[in-house]
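Read-outs: derived from the displayed coordinates by stated rules, not from any lab. Bear in mind that the values here come from a model prediction, so they are computed numbers and not experimental data. Counting neighbours? That spans all protein chains shown, and the Cβs are built from the backbone with ideal geometry, glycine included.
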Amino acid sequence: MDGAGAGTEHEVERELTDASAARRERDRLVAQRQAVEAQIEISTGALRASEQQAALLDEDIHKLEGASLTRILAGLRGVRDAELTRAQAQRELASYAVREAAATHRALDDQRADLVRRIEGLGDVDRRWTAALDARQAQIEVHRLDGAVELGQLAERRGRVRAERREVTEALAAAVDADAALVRAAGHLGSADNWSFYDTWLGGGMFSSAIKHDRIDVAAAELRRVDRALARLSVELADLGRAGIDAIAVRPSTRTFDIFFDNIFSD
């Protein structure tokens with residue numbers, strides 16, 4: 001072949017490789033979108049449950065605050081104020097749970113929207129692949145290229161391998177992020193545990209308890225970052241045909257004010 005013909009042949013081979021990689025990338029992103037949609041379904045259920053719990057607690061507070069025989073009897077027993085305080089604290093926890101569930105839901109929605117944009121950005125990859133095959137077939141017929149079929153198959157395989165390598169790279173990056181988040185959370189939790197030690201030797205007290213539980217709050221925030229990192233890792237592992245990883249699912253009961261009120265009513 002002359003130089004121009006050889007150049008055209010290489011261009012077609014490169015397009016076969018790129019088209020194959022694009023098809024693989026499309027399939028990968030579609031699988032990720034499906035995994036995220038499954039997480040959204042779970043997140044929607046968690047959000048609704050949190051909202052229902054908050055509504056029930058609102059009813060309890062309304063009953064305790066309202067003028068009724070129940071309120072009068074509770075006041076006579078000297079427990080109404082304590083019950084109202086506990087109900088309000090539980091309502092704060094429920095509000096926190098609603099906010100967390102809503103934030104998780106929004107993050108998943110954003111992730112799905114990003115995946116949809118990336119899929120659409122690839123264009124019609126099947127048509128591109130068909131066009132590349134047609135171009136290769138035309139070269140074979142016109143130039144009677146020896147080994148052209150084998151070259152086309154190699155180009156397709158090269159495209160798949162390139163896409164698979166990208167999948168592995170992104171999964172490794174997600175694993176590194178999750179590991180780093182776990183290390184940070186473990187460090188904060190260890191710090192809170194040390195404060196429990198000082199509570200024992202220094203006699204406790206509101207000041208040391210407040211500091212300790214503030215550190216627990218920070219650790220809870222880190223664990224929520226871990227959840228997001230593990231969710232991303234699960235999606236990446238799905239691309240590789242591997243099982244996902246369960247989230248830590250940090251509950252708002254680890255919050256400072258929950259422990260604070262528990263201490264009040266137990267003392």
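Local charge sum around Glu11 (other residues, Cβ-Cβ under 12 Å, Lys/Arg +1, Asp/Glu -1)? Its environment carries a net charge of -2.
Packing around the peptides 109-117, 19-27, taken as the average count of other Cβ atoms within 10 Å per residue, puts them in this order, highest first: 19-27, 109-117.
Karplus-based coupling profile of the stretch 127-136, in residue order and whole Hz: 5, 4, 5, 4, 5, 5, 5, 4, 5, 5, with θ = phi - 60° in 6.51 cos²θ - 1.76 cosθ + 1.60 and x standing for Gly or Pro. Here Ser95, Ser50 are placed in order of increasing Cβ neighbour count within 10 Å, fewest first, which gives Ser95, Ser50.
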